[in-house]
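Peer 1: Sending over a structure as structure tokens; questions will come in a sec.
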Amino acid sequence: MNEIYFKGLKIFEFDDDSAIQIIGSNNYLIRIILDVYCKIFSGYRFSDLDIEAMNGYYPEVRENGKILKKNDIIVIRLSETEDILDELTTKKGSTLMEYLLSLNIELSINEVIEKVDKSLIELSICIDNLIEEKLATTDIFVKTEINEINLDKIIKNFIDINFANAVEERIPLWLLEDSQVVDLFINIIELILEEGKKTRVIIDRLDSKMEVREYEKLVRILFELTEKYSNFGIWIIPSSEKGVFVDYRIFNNTYIVNEDIIKLGDFDITYESICRNYPDNNVPKKCEVLCSLLQKLPFHTKGKQYLPTKETIITLIFLKLLGEESIGEIKKINLSKLEYNFLASFN
């Protein structure tokens with residue numbers, strides 16, 4: 001079990017085995033959860049002002065009681081399309097850069113670096129000889145020196161990474177289509193995962209910034225990678241019901257963050273409870289309950305106006321099971337008497 005502490009208090013408890021989904025209208029709490037998690041694993045240095053605002057406590061992420069630190073997990077937060085593009089550049093800490101540096105263990109890379117090292121030594125000797133010829137003094141000499149040659153320095157100083165299409169035409173990153181960006185990112189992420197480092201990708205309200213089809217593709221494939229790699233996990237934080245990952249496999253690891261935090265449990269047990277409390281023999285299908293509780297329930301507010309649909313009834317039954325007795329105004333259209341009476345009882 002993992003826990004996040006803020007201002008000395010536990011604000012979030014979660015299972016972080018593979019994929020979790022955090023949905024709700026309490027944007028402040030969701031933001032604090034994400035910021036604390038990301039800042040800790042990015043190595044953010046909390047200032048005195050930060051600590052003062054947090055009542056003198058450092059925020060913490062704990063796993064089974066152990067306080068986690070920067071290097072324990074690689075965390076990639078994607079809030080904009082530009083965040084994915086940044087992961088495809090050679091800046092420090094990017095996914096692409098981490099993969100390139102991992103190539104340092106390859107024998108062929110080491111052989112080339114040794115050749116570069118030898119060539120630079122020869123260059124150094126040549127420079128020394130030329131300088132010695134030009135200097136008037138015979139008491140002191142200038143001697144050049146070659147510092148450690150490694151792949152990191154070579155990539156940063158001498159190599160530009162470019163992307164090209166099928167006919168070898170170079171294309172700047174910002175002109176790539178969303179589908180191309182997603183494909184590149186997924187492929188490089190998988191290369192990183194093969195190295196075995198514990199990695200988490202946070203998909204933070206990206207559904208409002210990308211084409212829906214590409215967003216859904218990104219989430220689906222990353223979710224599939226969590227089942228393939230034990231060291232990989234994703235956090236899905238949608239901005240609206242359209243961005244919710246509707247899948248039975250993530251139901252019991254979905255957290256609804258509104259006034260309180262609700263963790264959805266076993267789907268089959270939940271479905272049976274909904275059916276037992278349904279006011280009509282025309283009980284909902286499993287897919288209707290799944291969609292209602294993942295897409296409608298998280299965005300429930302007491303002041304909202306509800307249409308008299310099965311989705312509304314399913315949501316209200318679940319809320320009633322949680323002890324909530326009132327939800328808001330309901331319109332009366334196309335309902336059986338039993339269904340309408342059930343809805344009316346909430347008002």
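Peer 1: Out of the GluC sites (Glu not before Pro) in the stretch 143-218, which ones are loop residues according to DSSP with at most 16 other C-beta atoms within 10 Å?
Peer 2: When the GluC sites (Glu not before Pro) of the stretch 143-218 are filtered for loop state and at most 16 Cβ neighbours within 10 Å, E145, E148, E168, E169, E177, E194, E195, E211 remain.
Peer 1: Within the set K39/K198; K242/K263; K115/K153; K10/K228; K91/K143, which residue pairs have Cα atoms separated by over 25 Å? If you can, show how the numbers build up before the last one.
Peer 2: Details: K39/K198 17 Å; K242/K263 20 Å; K115/K153 15 Å; K10/K228 31 Å; K91/K143 33 Å.
Where the Cα-Cα span goes over 25 Å, the pairs concerned are K10/K228; K91/K143.
Peer 1: Quick check for me: using +1 on Lys/Arg Cβ and -1 on Asp/Glu Cβ, what's the dipole size of the stretch 169-242 about its Cα centre, in debye to the nearest 20?
Peer 2: On the way: 11 positive and 15 negative charges, 57 e Å.
With only Lys, Arg, Asp and Glu charged at Cβ, the dipole is about 280 debye.
Peer 1: Using the crude model of +1 on Lys and Arg Cβ and -1 on Asp and Glu Cβ, and no other charge, please compute the dipole size for the chain relative to its Cα centre, in debye to 20. Don't jump to the answer; show the numbers that get you there.
Peer 2: Details: 42 positive and 60 negative charges, 341 e Å.
For this selection, approximately 1640 debye.
Peer 1: If you roll a 1.4 angstrom probe over the protein chains with everything in place, what fraction of the accessible area of the stretch 103-154 belongs to carbon and sulfur, to the nearest %? Could the numbers behind the result be given before it?
Peer 2: Values: 2460 of 4270 Å².
Using a 1.4 Å probe with all protein chains present, the stretch 103-154 comes out at 58 percent carbon and sulfur.
Peer 1: For the chain, set up a GNM with springs between Cα atoms under 10 Å and report which of F299, F158, F14 has the largest fluctuation.
Peer 2: F158
Peer 1: Once both labels are modelled 7 Å past Cα along the beta-carbon direction, what's the R45-Y340 spacing in nm?
Peer 2: Going by the 7 Å Cα→Cβ label model, 6.8 nm.
Peer 1: How would you classify the stretch 72-170 from its alpha-carbon gyration tensor, with a ≥ b ≥ c the square roots of the eigenvalues: rounded for a/c under 1.5, else prolate if a/b is greater than b/c, otherwise oblate?
Peer 2: Note, shape of the stretch 72-170 comes out prolate.
Peer 1: Which angle from 0 to 90°, rounded to the nearest 10, does the C-alpha axis of helix 310-321 make with the longest principal axis of the chain?
Peer 2: Helix 310-321 sits roughly 90 degrees off the main axis of the chain.
Peer 1: A further question follows. Using helices alone, what [θ] at 222 nm do you get for the chain, with -39,500 (n - 2.57) per DSSP H run of 4 or more residues, divided over all residues and rounded to the nearest 500?
Peer 2: Dividing the helical sum by the residues of the chain leaves -13000 deg cm²/dmol.
Peer 1: A follow-up question, please. Taking every Cα atom in the stretch 49-129, find the radius of gyration and the maximum pairwise distance Dmax, and write them in Å.
Peer 2: Rg, Dmax (Cα atoms, Å): 21.3, 64.
Peer 1: Length gain on complete extension for the stretch I146 to E241, per 0.36 nm per residue less the alpha carbon to alpha carbon distance?
Peer 2: Fully extending the segment from I146 to E241 adds 28.4 nm.
Peer 1: Residue farthest toward the positive end of the dipole of the chain, with Cβ of Lys/Arg at +1 and Asp/Glu at -1: which of C291, L49, N231?
Peer 2: Selected residue: C291.
Peer 1: Explain nothing, just the number: dipole magnitude of the stretch 103-154 about its Cα centre with +1 on each Lys and Arg Cβ and -1 on each Asp and Glu Cβ, in debye rounded to the nearest 20.
Peer 2: Details: 5 positive and 12 negative charges, 23 e Å.
For this selection, approximately 120 debye.
Peer 1: Here's another thing I want to ask about it. List, in order, the whole-Hz ³J(HN,Hα) value for each residue of the stretch 146-152 obtained from phi through the Karplus relation with A = 6.51, B = -1.76, C = 1.60 and θ = phi - 60°; use x for Gly and Pro.
Peer 2: 9, 6, 3, 9, 9, 4, 4
Peer 1: Take the chain, connect every pair of alpha-carbon atoms lying under 10 Å apart with a spring to form a Gaussian network, then pick out the residue of P238, P298, P172 with the largest mean-square fluctuation.
Peer 2: In the Gaussian network model the winner is P172.
Peer 1: I314: net charge of surrounding residues, Cβ under 9 Å, Lys/Arg +1, Asp/Glu -1, itself excluded? Before the final figure, lay out the partial values.
Peer 2: Details: positive: K296, K310; negative: E288, E311.
That works out to 0.
Peer 1: Say the dipole of the chain comes from +1 at the beta carbon of Lys and Arg and -1 at that of Asp and Glu; which of L100, I203, I11 then lies farthest toward its positive end?
Peer 2: In the chain, that residue is I11.
Peer 1: Okay, moving on. Based solely on C-alpha atoms, express the radius of gyration and the Dmax of the chain in angstrom.
Peer 2: Calculated on Cα positions, Rg and Dmax stand at 27.6, 108 Å.
Peer 1: Using only the C-alpha atoms of the stretch 1-44, find the volume of their convex hull and express it per residue in Å³.
Peer 2: It comes to 86 Å³ per residue, whole-number rounded.
Peer 1: While we're on this one: Angle, helix 267-276 long axis vs. longest principal axis of the chain, Cα atoms, 0 to 90°, nearest 10?
Peer 2: 20
Peer 1: Using 0.36 nm per residue of separation minus the Cα-Cα distance, give me the extension gain between I113 and E190 in nm, one decimal. Walk me through the numbers on the way to the answer.
Peer 2: Numbers: separation 77, 0.36 × 77 = 27.72 nm, distance 2.59 nm.
Full extension from I113 to E190 adds 25.1 nm.
Peer 1: Going toward the positive end of the dipole of the chain, with +1 on Lys and Arg Cβ and -1 on Asp and Glu Cβ, which of N27, V182, N282 do you reach last?
Peer 2: Farthest along the dipole direction, towards plus: N282.
Peer 1: Provide the gained length on full extension for the span S102 to K134, in nm with one decimal, where the gain is 0.36 nm per separating residue minus the Cα-Cα distance.
Peer 2: Full extension from S102 to K134 adds 7.2 nm.
Peer 1: Going by a ≥ b ≥ c, the root eigenvalues of the Cα gyration tensor, does the stretch 1-146 fall in the rounded group (a/c under 1.5), the prolate group (a/b larger than b/c) or the oblate group?
Peer 2: prolate
The values are calculated or read from the model by the stated rules, or taken from the named source; none is laboratory data. All of these numbers come straight from a predicted model, not from anything done at the bench. Neighbour counts run over all protein chains shown; Cβ positions are idealised from the backbone, glycine included. All accessible areas refer to the heavy atoms of the entire protein, side chains included, with ligands and DNA or RNA removed. Shrake-Rupley method; radii C 1.70, N 1.55, O 1.52, S 1.80 Å.
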